Every structure is written in C-alpha cells, then in structure tokens.
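**Student:** Please see the structure below; I have some questions.
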Amino acid sequence: MMSQEEITEEHALSLDYKFSPAEIKYLAKFFRCFQDKIPRELEQFSFALEKAIYQNMSVDEVEKFFS
C-alpha cells in the first residue's frame with residue numbers, strides 16, 4: 001500500500017502540454033503499432049489519442065490513416 005506521502009507526490013506530478021496535430025497523429029500510429037506492448041499506465045493516453053483521431057477524421061480517412 002502506498003504511503004500518504006507517495007500518494008500526494010503522485011497526484012502533484014502533472015504535465016500541461018498542447019500536442020500539435022502532427023504529434024497526435026504520430027503518437028496514435030505509434031501506439032496502434034505497439035498496442036500489445038502498451039503499459040497499463042499509458043492505456044488511457046493511448047485511448048485519448050485514438051479518440052482525437054476519430055473525432056477529427058472521417059471513417060474513410062481513419063481507415064487510410066491506420067492502414
């Protein structure tokens with residue numbers, strides 16, 4: 001079990017970063033290629049990247065993008 005200090009430190013660690021469209025696309029492809037190796041801790045990040053792709057492209061564009 002984590003100590004209160006460890007929990008506080010973990011919650012205090014954050015990062016504010018605005019990804020460019022190119023970075024989002026590159027990261028989404030990277031995570032898709034290595035989806036079987038994504039650590040559990042990065043799964044939500046991977047889902048968020050994929051969601052951004054699906055929200056900003058048509059179905060045809062997404063199929064071409066990931067193929």
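**Student:** Quick check on Ala22: is it among the hydrophobic types (A, V, I, L, M, F, W, C), modelled with pLDDT of 95 or more and more than 13 Å from the chain's Cα centre (by Cα)?
**Tutor:** Criteria met by Ala22.
Residue-wise test of (1) surrounded by 10 or more Cβ atoms within 10 Å (Cβ to Cβ); (2) at pLDDT 95 or above.
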| site | (1), (2) |
| --- | --- |
| Met2 | no, no |
| Ile7 | yes, no |
| His11 | no, no |
| Ser14 | no, no |
| Lys37 | no, yes |
| Glu43 | yes, yes |
| Gln55 | no, yes |
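**Student:** Could I ask something else about it? May I ask you to verify whether Lys29 is closer than 19 Å to Ser67 by Cα and either in contact with a His (Cβ under 8 Å, 6 or more places away or on another chain) or of a type in the set (Lys, Arg) (or both)? Before the answer, list the steps.
**Tutor:** Numbers: closer than 19 Å to Ser67 by Cα: yes; either in contact with a His (Cβ under 8 Å, 6 or more places away or on another chain) or of a type in the set (Lys, Arg) (or both): yes.
In short, yes.
The values are calculated or read from the model by the stated rules, or taken from the named source; none is laboratory data. None of these values were measured; they are calculated from a predicted model. We place every Cβ from the backbone using ideal geometry, glycine too, and count neighbours over all the protein chains shown.
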